[in-house]
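Chemist: First the structure, which I've put down as structure tokens, then a few questions once you've had a look.
The values are calculated or read from the model by the stated rules, or taken from the named source; none is laboratory data. Here the structure is a predicted model, which is why all the values come from computation and not from measurement. When we count neighbours, we look across all protein chains shown, and the Cβ atoms used for this are built from the backbone with ideal geometry, even at glycine.
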Amino acid sequence: MQILQPPGWPRPRGYANGIAARGKQVFVSGMVGWDEQGRFQTSDFAGQVRQALLNIIAVLAEAGAGPEHIVRMTWYVVDKIEYVAAYRAIGQIYRELVGAHYPAMSAIEVSALIEDQAKVEIEVTAVVPDMLNC
């Protein structure tokens with residue numbers, strides 16, 4: 001995996017401007033903050049982020065991938081102000097579950113998500129390197 005950082009650009013915090021990777025591609029549907037039974041255990045924004053990331057990690061594991069293979073994340077949030085207010089907690093949760101790996105990332109405020117209780121939905125693309133490229 002190669003982080004794409006044009007010369008002279010300020011280094012982004014918490015994400016990469018771009019990633020180049022080669023290998024098996026894994027596409028994870030948008031994950032919300034419900035548990036494996038499809039139930040929301042919290043209405044707390046950071047709590048829903050934690051569960052969504054746990055869900056992503058579980059799906060990645062099915063492909064033999066882990067958080068370190070994520071090359072792109074798209075976050076859909078229903079309230080930008082609530083998202084920004086939770087930055088510190090989200091950062092702690094992210095580092096705990098994903099580590100110090102920061103893929104290309106976008107965050108988009110939307111008017112609603114399909115699941116009414118959901119405050120965040122996260123899509124992921126991962127690339128598991130070919131054994132020859134390790």
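Chemist: Considering the stretch 22-39 alone, what residues qualify as being surrounded by fewer than 18 Cβ atoms within 10 Å (Cβ to Cβ) and out of contact with any Ser or Thr (no Cβ under 8 Å at 6 or more places or on another chain)? Can you show your working first?
Modeler: We begin by selecting, within the stretch 22-39, every residue surrounded by fewer than 18 Cβ atoms within 10 Å (Cβ to Cβ); these are 22, 24-25, 27, 29, 35-39.
Of everything in the stretch 22-39, those that are surrounded by fewer than 18 Cβ atoms within 10 Å (Cβ to Cβ) and out of contact with any Ser or Thr (no Cβ under 8 Å at 6 or more places or on another chain) turn out to be ARG22, LYS24, SER29, ASP35, GLU36, GLN37, GLY38, ARG39.
Chemist: Just to verify a result, which residue in the stretch 60-85, among those that are over 20 Å from THR125 (Cβ atoms) and not small (Gly, Ala, Ser), is surrounded by the fewest Cβ atoms within 10 Å (Cβ to Cβ)? Spell out the reasoning first.
Modeler: Taking the stretch 60-85 as the starting set, the residues that turn out to be over 20 Å from THR125 (Cβ atoms) are 78-85.
Of the ones still in play, those that are also not small (Gly, Ala, Ser) are 78-84.
Working: VAL78: 17, ASP79: 14, LYS80: 12, ILE81: 9, GLU82: 15, TYR83: 19, VAL84: 11.
Restricting to residues being over 20 Å from THR125 (Cβ atoms) and not small (Gly, Ala, Ser), the top hit is ILE81.
Chemist: Looking at the stretch 41-54 only, could you name the residues that are farther than 17 Å from GLN92 by Cα and touching a residue at least 12 places away in the same chain (Cβ under 8 Å)? Give the steps one after another, and end with the answer.
Modeler: Residues of the stretch 41-54 farther than 17 Å from GLN92 by Cα: 41-43.
The one that is farther than 17 Å from GLN92 by Cα and touching a residue at least 12 places away in the same chain (Cβ under 8 Å): SER43.
Chemist: Take ALA46 and tell me if it is farther than 18 Å from SER106 by Cα, more than 12 Å from the chain's Cα centre (by Cα), at pLDDT 95 or above and of a type in the set (Gly, Ala, Ser).
Modeler: Numbers: farther than 18 Å from SER106 by Cα: no; more than 12 Å from the chain's Cα centre (by Cα): yes; at pLDDT 95 or above: yes; of a type in the set (Gly, Ala, Ser): yes.
Considered against the rule, which asks whether it is farther than 18 Å from SER106 by Cα, more than 12 Å from the chain's Cα centre (by Cα), at pLDDT 95 or above and of a type in the set (Gly, Ala, Ser), ALA46 comes out as no.
Chemist: Could you list, in sequence order, all residues of the stretch 86-132 that are surrounded by fewer than 20 Cβ atoms within 10 Å (Cβ to Cβ), of a type in the set (Gly, Ala, Ser) and either at pLDDT below 95 or not in a helix (DSSP H, G or I) (or both)?
Modeler: Within the stretch 86-132, GLY99, ALA100, ALA104, SER106, ALA107, SER111, ALA112 meet the criteria.
Chemist: Kindly list the number of the only condition in (1) within 28 Å of MET131 (Cα to Cα); (2) in contact with a strand residue (DSSP E or B) (Cβ under 8 Å, 6 or more places away or on another chain); (3) crowded, with 16+ Cβ neighbours inside 10 Å that fails for ILE57.
Modeler: For ILE57, the failing item is (2).
Chemist: Okay, next question. Of all residues in the stretch 69-85, how many are within 22 Å of TRP34 (Cβ to Cβ) and either touching a Leu at 6+ places or on another chain (Cβ under 8 Å) or in a strand (DSSP E or B) (or both)?
Modeler: Summing the residues that are within 22 Å of TRP34 (Cβ to Cβ) and either touching a Leu at 6+ places or on another chain (Cβ under 8 Å) or in a strand (DSSP E or B) (or both) in the stretch 69-85 gives 7.
Chemist: I've got another one for you. Given (1) at pLDDT 95 or above; (2) more than 17 Å from GLY14 (Cα to Cα), where does MET73 come up short, assuming only one miss?
Modeler: (2)
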